[in-house]
Structures are given as structure tokens and as C-alpha cells.
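Visitor: Questions regarding the structure given below will be posed in turn.
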Amino acid sequence: MNRRGFLKMTGGGVILAAATGGAFVTTRRPDAALAPWQTAGTYVDPRMNALSHAILAPNPHNRQPWIVRLDGDDGATLFFDTEKQLPHTDPFDRQLTIGLGCFLELMRMAAAADGYAVETKLFPQGEDAQSLDNRPVATVRFTKSSVAPDALFDHVMQRRSNKEPFDTDRTIHAETLSRILQTPTTARVGGSIAPDDVAFWRALTTQALHVEIETPRTFKESVDLFRIGKAEINANPDGIDFGGPLFEALSHAGIMTREASLDTGSQAYIQGVAAVTENTQTAMGHLWLVSDTNTRADQIACGADWLRINLACTREGLGFQPLSQPLQEYPEMSAHFATTHARLAPGGGTVQMLARIGYGPGVEVSPRWPIEAKIGTM
Ligand SMILES: Cc1cc2nc3c(=O)[nH]c(=O)nc-3n(C[C@H](O)[C@H](O)[C@H](O)COP(=O)(O)O)c2cc1C
């Protein structure tokens, strides 16, 4: 959610003064929650080196639904944390599986940069198309190898999901889009910066956001994951983070709280809606990914594709924000889901991902649980 709209809530008064006052500002960064971005790649065990990068993967609502068991000297098993499901917005765990695909691809890239090849077996004990469960998502084995490093790995530390408005005075060049679309992918990647398409997707993604927000159970699923201010973010470095002095001051003043955000008459709700729709309305182009079939393996492959597309945008200096609302599978969203599929997959297939792109302000990395918190013994 972007910050600009929320400034309006302060009315320029005491809260804004507090939120911009020196000492308060400099002490509000949730350093512990952001530390995993510094410790990635500092381990002796090559698996831990790769896994400490993998936890930086993009993933829906920053749920970080991974648990890893280290096997022997050179193996690991990835499990899905069933506590992290999003039953209302992701009823079949499709998006969460894509996030696990981003994780595995980032692990593979990091291992390659360290001189290791990774052999991966997906769902070795089978899978369920309705829901992920406690069975392994993947087993992996690391072997020392002269595997070529992946050029996209250079951009991992600069990669972000940019949830701020983009600059509508800066257009995207056709050559820039063309370079991004040349990213090798398993699924079909597409994109457009044509004014008619941009106007179409701006409108559709805005309407889809309204559906999610105005459907009480889907909106509550997000609001329950709000982490507001440094203490909450450090205690739970996942979910939807509202860091920085402004949100913290609004929270102390009782204006920006989870309860207020659910109250459709509150400033938190009104400005929240304004902020997210300012994002959809400042898209300067869109990217999408379509798979022919929709198996768990397809979803994992789409995660790898999506990470690579996100990194290609980072390489080009472009802001990138997935906009998954029209792809979500619940009855209230079905009209937007159908329109999106008719336009992007007219011959059949599943639109797995959709994003807006444009030039945005620099943004902070998002919180992560350290890899140590994700090593389990399933
Ligand atoms: C499958 C998938 C769906 C996502 N959908 C959205 C979305 O609808 N809106 C959004 O702002 N971000 C979306 N994201 C981005 C995540 O919110 C983001 O990756 C996460 O908060 C971590 O932040 P980071 O990417 O900056 O590290 C999605 C990411 C994935 C992998």
C-alpha cells in the first residue's frame, strides 16, 4: 500500500510533526526484520547459502510459506507450511505454490553463483490439486559443479515489489519491454505498453481491487495480516508491512489500526482505498504469464518464470507490482477472472500472474523471517 495517500490523514498536524521529527524517524526502521537481506550468502554450508537467498523470494502477502529440512550432507526437502494458507483469496493454494516456485528458482540461482548444481524432484510423494498439504513440495540435492552463474542473480538484492504510485510522466520504451519479454520462460509471457491496453488494465485492476476490498471476508484476510510499525514488524516479519514513522504515528494516534481499516467510514479505510487505486491507476504497462495447463508443476514453473521476469524488470530499473486480484478464484471475482482470461488466454490456459510496471520511487526491502526460523524437522 502506498504512503502518499496516508499523508492526507494527518491533516498536517501533530502526527505529521511527530512522524517527520528527527530522532523518531531514525529509530523506526525495523532492522531485525530486514536483517535477512544482509545475512544472505554468509554461511559455510552451501545449502544454507542458497536457502538464505531463497527466503528473499517474492511470495503472496509475504506469507513465506516455506519450511526446509536439511537431509544428510547435500540434500534438503521443501515443505509447505499449512498454517500460511489464504483460504479466501487463494482457495486452491495456486498463488502460494507460485511463491514456492520463486523460492526454488532463487535457491537454484544462488547455488549456481556459489558453484553448485541443484537436482530437484517435485512432489515426490504426490500432490493435491485442491490444496497443498504436509507432503514434500520438492527434494533437492546439491553437487559441486562448474554450472554457469545466472546473469539475473546480480539483481536479487535490488529486487522489490513496488507498492507506490509510478511516474506517469515517464513512459516505458518499446525496447525495454521487448528485452523483458525475451526472458526465457516455460510459460507464455506477454506484456503491453500500448495506451489502449494500459487504460483497459488500469480500469480492470482497479475494479478487481474494489471487489476484494468490498468483499468482507477477502478484505479481512488481508487486514488480519497488517503489521503496523516497528514492534509489530519485528515480532512478525511477514504479512503486509506498514513500516516507517508515518504509519507508526498514525497507529499510536488510533487512526491506522486493523480495526479502523475494516470500518468503511474511517479515514484508514477511505485513504487505504485511495492509496491502492492510485497504484493501479498509475500503471505505465502490464506484464502477464499464461500456462497451458494448471498442474502443481506448472505453478512451480510459473514461479521460476515470474522471479526471472521480476529480476529482468529490476535490471531495467523498472518498478514492478503484481496485481493478482482479477486472477483470484472466488465467486465475487468471477466476472473479472473471466474477462482477464478471455483477453489473455483466448485459446485456453490459466493466467497465472499479472503485474503493473512503470518507474517508481525507490522502496525499502520487505521483511523476512531468517532462514534459521524456517529450518524444521518435518
Ligand atoms: C503469486 C504472487 C502474487 C502476488 N500478488 C500480489 C498482489 O496482488 N499485490 C501486491 O501488491 N503484491 C503481490 N505480490 C508481491 C508480494 O506482496 C511480495 O512479493 C511480498 O510482499 C514480498 O515483498 P518483495 O517482493 O518486495 O520482497 C505477489 C507475489 C506473488 C509471488
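Taken together, the values in this text are just the output of simple stated rules run on the coordinates, not laboratory data. Predicted, not measured: the structure shown is a model, and the values here were computed from it. Because the Cβ atoms are built from the backbone with ideal geometry, glycine has one as well, and the counts that use them run over all protein chains shown.
Visitor: Between rounded, prolate and oblate, where does the stretch 127-209 land on the alpha carbon gyration tensor, with a ≥ b ≥ c its root eigenvalues, rounded for a/c under 1.5, else prolate if a/b exceeds b/c?
Guide: Judged from the Cα gyration tensor, the stretch 127-209 comes out oblate (a/c at least 1.5, b/c at or above a/b).
Visitor: Using the Cα centre of the chain as the reference point, and only Cβ charges (+1 on K/R, -1 on D/E), how large is the resulting charge dipole? Debye, rounded to the nearest 20.
Guide: 480 debye
Visitor: Going highest first, how would you order 80-86, 101-107, 255-261, 285-291 by mean Cβ packing within 10 Å?
Guide: Working: 80-86: 16.6, 101-107: 26.7, 255-261: 18.7, 285-291: 23.4.
Packing order, densest peptide first, comes out as 101-107, 285-291, 255-261, 80-86.
Visitor: Which of rounded, prolate or oblate describes the stretch 266-362 when judged by the alpha-carbon gyration tensor and an a/c cut-off of 1.5? Let's see the in-between values first.
Guide: Values: a/c = 2.10, a/b = 1.21, b/c = 1.73.
Note, shape of the stretch 266-362 comes out oblate.
Visitor: Moving on to the next point. Report the extension gain between S334 and R135 in nm, rounded to one decimal, defined as 0.36 nm multiplied by the number of residues separating them, less their alpha carbon distance.
Guide: Roughly 68.6 nm would be gained on extension.
Visitor: Once the cut-off is 16 Å, how many percent of the Cα-Cα pairs in the stretch 192-244 end up in the long-distance tail?
Guide: Result for the distance tail: 59 percent.
Visitor: Go through the stretch 44-61 residue by residue and turn each phi into a ³J(HN,Hα) via Karplus (6.51, -1.76, 1.60, θ = phi - 60°); whole Hz please, and just put x for glycine and proline.
Guide: Those phi angles translate into 7, 5, x, 5, 5, 4, 5, 5, 5, 7, 4, 5, 8, 5, x, 6, x, 6 Hz.
Visitor: Name the long-range amide H neighbours of W66: under 5 Å, sequence gap of 5 or more, or other chain; modelled H, no Pro or chain starts.
Guide: Correct list: D81.
Visitor: Using modelled amide H (1.01 Å from N, peptide plane; none on Pro or chain starts), what sits under 5 Å from the amide H of D150, excluding residues fewer than 5 places away?
Guide: A113
Visitor: For M256, which sequence-distant residues (separation of 5 or more, or a different chain) have an amide H within less than 5 Å of its own amide H, given hydrogens modelled in the peptide plane?
Guide: Amide H neighbours of M256, under 5 Å, 5+ apart: S251.
Visitor: Along each of the three principal axes of the Cα atoms of the chain, give the extent in whole Å, ordering the values from largest to smallest.
Guide: Extents along the principal axes, in whole Å: 60, 50, 39.
Visitor: Can you give me the C-alpha center-to-center distance between the stretch 168-243 and the stretch 305-378, rounded to a whole angstrom?
Guide: 6 Å
Visitor: Each label point is 7 Å from the Cα along the Cα-to-Cβ direction; what then is the distance between the points at T377 and Q125, in nm?
Guide: For the pair T377/Q125, the computed spacing is 1.7 nm.
Visitor: Let me ask another. Taking +1 at the Cβ of each Lys and Arg and -1 at the Cβ of each Asp and Glu, which of Q352, I371, P87 sits farthest along the dipole of the chain towards its positive end, judged by Cα position relative to the Cα centre?
Guide: I371
Visitor: Can you give me the relative contact order of the chain as a percent, contacts being Cα pairs under 8 Å and 6 or more apart?
Guide: Rounded, it is 27 percent for the chain.
Visitor: If R₀ is 35 angstrom, what is the calculated FRET efficiency for the pair A148 and R258, using the beta carbon separation as r and rounding to 0.05?
Guide: With R0 = 35 Å, the Cβ-Cβ based efficiency is 0.15.
Visitor: Here is a further query. Which FRET efficiency value, to the nearest 0.05, is calculated for A235 and N294 with the Förster distance at 30 angstrom and r the Cβ-Cβ distance?
Guide: That gives a FRET efficiency of 0.25.
Visitor: What order do you get for 366-377, 118-129 when each peptide is scored by the mean count of other beta carbon atoms within 10 Å, highest first?
Guide: The most tightly packed comes first, giving 366-377, 118-129.
Visitor: When the chain is fully extended, how far beyond the present Cα-Cα distance does D224 get from Q281, taking 0.36 nm per residue of separation?
Guide: Value of the extension gain: 18.0 nm.
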